[in-house]
Amino acid sequence: MSLKKKVSSSKKSSQANVVASTSSASDKTSPLGPDGSKSRLLELFSLIEKEFESLHSENAALREKVDTLTERLDTLVIERTAAMAEAPSMPSSISASILQAPDTQQHSSTTPLRKIKSSGSTITKKKLMPGSKKTTSNLKQSLDCSYVSSFNGHKDGVWHVSFTRNGGQAILGSASADTTASLWDVNAGTMLLKYTGHTGSVNCITFHPMDQIACTASGDGTAHVWKTTVTALGKQHMKHDSSGEDRGGYSDDEMLDIDSNSVATLKTPLLTLAGHTGPVMACDWMSEGDQLVTASWDHSACLWDTHTGTTVHTLRGHDQELTHVCTHPTQNLVVTSSRDTTFRLWDFRAPPIHSVNVFQGHSKAVTSAAFSLSDDVVSASDDHTVKIWDLHNMRYPVASIRLDCGINRISVSHDHQALAVPMDNSHIRLYDLGGNRIATLPHRNRKEHVRMVHCVCWSRDSQVASSSPGRCNLFSSGFDSRIIGWKVHAQS
């Protein structure tokens, strides 16, 4: 009996082995097995990718048609408005009857509104309140815009770009989610320096108004101040302060690391500003360069002394995360933007007392705000609007521009008095400070941005650049990891 049991058990084990081997073989050959499933998934992903590319090309073609029709419509609006402006003035009785027409809308009992709808955007002009200045705009002005070059090197989205000059060299700075900041030679299109001192996403880069120094704000909760002068050999030279000592203890001929692409790499800052308890989203220098301001997700902004690295003021009052900070180019004024739908104007012109003004002109997060040399403040929001305010009377906006998607970090040209508006739909539009659209940057092929445009900046010598062929005077960056240089100049 024991022998029979052993024989039967051995048969069962051999049968089990045969079944196991057969099932494993069938798994390898069957389309439902591991290898078959993998090949099937790859095939499905390939089909999805082809379908996506087809839809993308159709979308690009439709966008090109829309842009062409939009440009034609804008031209007709401008010509018609110019013709109306040149027409003889109507009698006062006729003018009064037109103003009392049924289609006139009322913002309040005393404030009429006029809306001009054009290509997905609405310009709303308010009647000026007593004490406010009159904003004049030339509707005949039009700008030519063209793609010039791209600056490639970042491995993730580029949050911010900023322009400066080191001597006679035009320099562009970029801040990226790949935890680095870079300096670029604008004319050559090459990377000069890569700063790798941060451990989190670099959200902003701004340059000192006089010295060759930069400040970067990062998601690691700090802001870093570092040197920007780099020679072609990779040596970095340091400006001396008034005491004659090197700032931060750096020697004049300190050698930088050189990577495989012959790009100088800097890891150590001159100064680390640590005081925020959340990611630092933006930074900017005060006009005299002795102080800078940082804005953070910890609901506060900080004014720093850049000689000592200490906090001069902590600016509190916002209820939610700050998204942006900007300083006035000639005065000690600061504007902070927040997700709490407000932006605040901080006045430091009479220290040590500073005043605060809160503005509630938007219904969603304010993504950025910027000053112009003509004492205007421009605010942009996720509520799809850009609003232009007069610093002398900010009770009501001078003009309001309504778009069809969210707006990000705007920039005002001090030469053209033009406003560049980067949008979530990968487009960039230009407006004058009266709220009139004067140009749309080309968006007709894959050379331009294909994802959200997060930031734009004008060069400080826009007139010189615009008169030279092939020279950039407007820069943009976005989620597609690209930086693009544009040429914008007035039509002859």
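Nothing in this text is a laboratory measurement; each read-out follows from the coordinates by a stated rule. Here the structure is a predicted model, which means the values were calculated and not measured. Don't worry about glycine lacking a Cβ; one is built from the backbone with ideal geometry, like all the others, and counts go over all protein chains shown.
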(message) Please list 3J(HN,Hα) in residue order for region 337-342, calculated via the Karplus relation 6.51 cos²θ - 1.76 cosθ + 1.60 where θ = phi - 60°; whole Hz, with x for glycine and proline.
(response) 10, 8, 6, 7, 6, 10
(request) List the residues whose amide H sits under 5 Å from the amide H of F343, counting only those 5 or more places along or on another chain, with H placed 1.01 Å from N in the peptide plane. (result) F359, G361
(request) May I ask you to evaluate 6.51 cos²θ - 1.76 cosθ + 1.60, the Karplus curve with θ = phi - 60°, for each residue of region 477-488 and list the ³J(HN,Hα) values in order in whole Hz, giving x for glycine and proline? (result) 9, x, 5, 7, 6, 10, 10, 10, x, 10, 10, 10
(message) Under 5 Å between amide hydrogens, which residues at least 5 positions from N187 or on another chain qualify, with H placed 1.01 Å from N in the peptide plane?
(response) A170
(message) Highest mean first, how do 215-221, 428-434 rank when packing is the count of other Cβ atoms within 10 Å averaged over residues?
(response) 215-221, 428-434
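Provide the gained length on full extension for the span Q169 to K447, in nm with one decimal, where the gain is 0.36 nm per separating residue minus the Cα-Cα distance. Spell out each step's value before the answer.
Values: separation 278, 0.36 × 278 = 100.08 nm, distance 2.57 nm.
Going from the current span to full extension adds 97.5 nm.
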(message) Spelling out what I want: for every residue of region 45-53, take phi, set θ = phi - 60°, compute 6.51 cos²θ - 1.76 cosθ + 1.60 (Karplus), and round to whole Hz; glycine and proline get x.
(response) 5, 5, 5, 4, 5, 5, 5, 5, 5
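Looking at this model, which pairs from K50/K487; K155/K267; K227/K447 are more than 23 angstrom apart at the alpha-carbon? Don't skip to the answer; put the middle values down first.
On the way: K50/K487 34 Å; K155/K267 18 Å; K227/K447 32 Å.
Check vs 23 Å cut-off fails for K50/K487; K227/K447.
Rg to Rh ratio, region 294-370, alpha-carbon atoms and Kirkwood radius?
Working: Rg = 12.1 Å, Rh = 12.6 Å.
Dividing the radius of gyration by the Kirkwood radius yields 0.96.
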(request) For H313, enumerate residues with amide H under 5 Å from its amide H, sequence gap 5+ or separate chain, H modeled in the peptide plane. (result) L303
(request) Obtain the nm distance between the two label points defined at C405 and T68 by a simple spin-label model: each point lies 7 Å from its Cα along the Cα-to-C-beta direction. (result) 2.1 nm
